[in-house]
Amino acid sequence: MAVDLYHGEPGSNSLKVLQAIHEKGVPFTSHYINLTKFEQHDPEYLRINPAGQVPTLVHDGRVLTESTVINEYIDDAFPGPPLKPADPYDQGLMRIWTKYVDEVFRPSLSFLAWHAVIPGLAGAMPEGAFEERLARIPLKEKRDKWALAASGGFTERELESWRHNLAEVTDRVEQALTGHDWLVADRFSLADIAVFAMAVSMPRSHGHLWNAERTPHAMAWLERMKARPGVAAALAMPNHTSFARAEG
Ligand SMILES: N[C@@H](CCC(=O)N[C@@H](CS)C(=O)NCC(=O)O)C(=O)O
């Protein structure tokens, strides 16, 4: 059995899959893709993942992309502790969390981070270098969004709605964890893994939302998550840069 995982720093979507694979105890070969060197756009990597994004799982030569899909596959395809609740209704609740992370939490976090970081990054590059990098991004949607971010083009209304989303996510997580150790059915699951992948950076990046006074249950859950051996092993994967950690 050969399991190859192509991933970036232990943050965001890469951290999501690294947690699942370590929690499940699946032996795998790690292939680090350096996002700050734009290795995700190298022709060799694009042959595996034409979207030019991490993570990508290759199991016995079969390629799977999309972190949420990969995590369900890891849980279904390999022995080890189950990462989904047994009850179908609880599985539904778990998937509402993973969908919410993919559609609301992660994009809001990314767009705000791009707004803060990309203009400086582009400005620090030699003339034309950023445009050259942009041209290599396979996904038009991402290319356009990065170009807009670089020119400071996100509107105040957009920024406000992404900030609002982050406050809403925070409140939902705090509420779900009040009186509970885990997000769904009082057991650790892919819901905790998906939310944690984005939330771990919140006390640092959005400390006004995530802090001991405002969100004591969410803060305690972050520590509970970090204390899990699989999650700790995922977080201990090499981290070469602070830029790519949570923002993608
Ligand atoms: N929907 C994809 C999104 C993957 C994604 O956005 N990956 C980011 C890192 S977290 C990435 O590769 N960013 C670099 C780029 O798009 O050039 C998934 O969930 O796997």
Taking the residues in the stretch 133-159 that are surrounded by fewer than 12 Cβ atoms within 10 Å (Cβ to Cβ) and within 16 Å of the ligand (Cβ to nearest atom) as candidates, determine which candidate is nearest to Ile193 (Cα to Cα).
-> Glu141
Residues in the stretch 167-225 that are of a type in the set (Ser, Thr, Tyr) and assigned to a helix (DSSP H, G or I) total 2
For Gln40, which of the numbered conditions (1) within 29 Å of Ala227 (Cβ to Cβ); (2) without any contact (Cβ under 8 Å) to a residue 60 or more places away in the chain; (3) within 10 Å of the ligand (Cβ to nearest atom); (4) in a helix (DSSP H, G or I) fails to hold?
-> (1)
Checked Thr56, Thr65 against criteria (polar (S, T, N, Q), more than 19 Å from Val200 (Cβ to Cβ) and surrounded by 23 or more Cβ atoms within 10 Å (Cβ to Cβ)); the one match is Thr56
Restricted to the stretch 43-86 and to residues being aliphatic (A, V, I, L, M) and farther than 15 Å from His31 by Cα, the residue farthest from the ligand (Cβ to nearest atom) is Ala86
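Rule-based calculations on the coordinates, nothing more; no lab input. Since we're looking at a predicted model, the values are computed, not measured. Ideal geometry is used to build each Cβ from the backbone, glycine not excepted, and the neighbour counts take in all protein chains shown.
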